[in-house]
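Structure, as structure tokens:
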Amino acid sequence: MKIVCATDFTPRGQAAAQVAVDLARRTKGWVELVHVMKPGTVDILALAADALVLESEVRASVEARLARECDRLSTADIPVTFHVCEGDVETSVLRRAREIAADLVVAGTHGRSALRRLLLGSVGEGLASGSDRPILIVPPGVDGLGSGNGAARTLSITVALDGRTTGSGAISFVRDLRGHVACDVTFLRLYWAMEEFLRLGLTGPRDLFEPDAEVVADLERALRLEVGVLPGTGRTSFVVNPAWGEPSVQILDFARGRSDDLVIVGAESRHGVDRLSHPAVAERIAHEASQIPVVFAPRHEQQVLTTAAPAIFTVLAPTDLSPVGNRAVPYAYAMVSSQGGVVELCHVHERILGAPAYAYEQPEGKLTDAERARIEAALRALIPSDAKQRGITTHVTVIDGGRAGDAIVQAAERLVVDAVVLASHGKGGALKSLLGSVSHAVMEMSRRPVLIIPSPRP
């Protein structure tokens, strides 16, 4: 692993260099120390008669200090070199990292108070928010990575994800790291309870502060699909917890409680008003981190183009059990007939639920056991006779309560289907404005592909 480490000769800069060397030792890489001379220094020297001589002497002094630092850090198997440049610190360090195609940039942060940080800024935090490659921030309380010799034990790592595309960089970085060194990796997914209850259409009463079994099962399944199989050696685990308060504090407390060696998060890049109204979690972690190094991994912007057709194995087929609504069911089976799969036959018994639905019992208008059995029997009667022979499994679901459009979209999330197939009743004009359109609502709200089967024209 090629590592660029920014240094200013302070104790925090020396700690960052030690972490960089420890990581290079584990990954069989090398380190380049980069020191940036600010332009202001040269401007002041230019006022003197011997400006060029003085500037040369300053540069020589910096290079001598860097050479001594390289001698202190380098070993037979870990080469440490140096580079001196001039300009803005963050811009210069990132430019040098691009020039040598570094895999990682390491920098220390001084842990200033909030006021001093506002006035003076922090090079480490600035790098984390503006880099095109992973940045490792070394906060106060950290003098090395792992054990004293940097390679004695398996690293313990927390990777914080939030379900957005910003996490792709964090997953990619930990995959690369696991390819070099043994790591026990825990993927932490925090969720907002009310948001997930609404997304999945869960009814109450439910505890907002404790992990909800249905939410955990859904998000953990998504996590495992997103992460895939990690290379190398070490344990891989998944933790899904409700988030309350500031997520950055919860992430750091989780990692410190486990005595982790490293936290990895996806870097965010909001701008303008959006940045002010939605403060980035990664930015807050950079402000508040102490006693544990943090890697900020930017999202991959390149889109991988592929001509491969997406696989469809699970299809949700909702129907109101009318002749028109039932027309969608054969199309659901046709979509998975070539390779086999699962069809989720679904019926929504519409009734008004108290709001929020996850906070109350909802007995009014509830289906009786006999009514539910009748609906399930009607759904099973729609299953093609040769479905099993074609390798198609059918699940029958009756959703008791809520608006049909909302309930269908929520069922698609709970069941993690690849597509939704439903029929349109073809209502139009004033009738549509009065009654609405379930198919239209599903198309508007669904995160998954939707196939609409139109009603036959007379």
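Every number here is computed from the coordinates shown, using simple stated rules; none is lab data. Predicted model only: the values in this text are computed from it and were never measured. Using ideal geometry, Cβ is built from the backbone for each residue, glycine included, and neighbour counts are taken over all protein chains shown.
Note on the range 301-415: dipole from Cβ charges, positive end direction compared against 362, 387, 316; the farthest Cα belongs to 387.
Could you compute the FRET efficiency for residue 214 and residue 299, with r as their C-beta to C-beta distance and R0 at 35 Å, rounded to 0.05? Taking R0 as 35 Å, the efficiency between residue 214 and residue 299 is 0.75.
Between 219, 293, 209, the Cα set farthest toward the positive side of the dipole of the range 154-303 (charges on each charged residue's Cβ, about the Cα centre) is that of 293. Each other residue within a Cβ distance under 12 Å of residue 313 adds +1 if Lys or Arg and -1 if Asp or Glu, for a net charge of -2.
For the range 314-453, pairs of C-alpha atoms spaced more than 21 angstrom apart make up 43 percent of the total. Look at 183, 5, 70 and count the other Cβ atoms within 10 Å of each Cβ; fewest to most, that gives 70, 183, 5.
Dipole magnitude for the range 154-303: computed about the Cα centre from +1 point charges on Lys and Arg Cβ and -1 point charges on Asp and Glu Cβ, it is near 340 debye. Taking other Cβ atoms within 10 Å as a rough exposure proxy, 260, 132 sort from fewest to most as 132, 260. Shown for the range 154-303 is the translational diffusion coefficient from the Stokes-Einstein equation, using the Kirkwood radius over Cα pairs, a temperature of 10 °C and a viscosity of 1.306 mPa s: 99 µm²/s.
Computed from the C-beta positions of residue 440 and residue 81 and an R0 of 51 Å, the FRET efficiency is 0.20 to the nearest 0.05.
Rounded to 0.05, the FRET efficiency of the residue 368 and residue 98 pair, given R0 = 60 Å and the Cβ-Cβ distance, is 0.30. Each of 335, 37 was scored by other Cβ atoms within 10 Å of its Cβ. Arranged with the fewest first, they read 37, 335. Summing +1 for each Lys or Arg and -1 for each Asp or Glu among the other residues whose beta-carbon sits under 15 angstrom from that of residue 28 gives 0.
The stretch between residue 312 and residue 64 holds 83.0 nm of extra length on full extension. This uses 0.36 nm per residue minus the Cα-Cα distance. Annotation: for a label point projected 7 angstrom from Cα along Cα→Cβ of residue 375, residues of the range 402-417 with backbone N closer than 18 Å are 402-415.
For residue 219, neighbours were defined as the other residues whose beta-carbon sits under 9 Å from its Cβ, and their charges (Lys and Arg +1, Asp and Glu -1) total -1.
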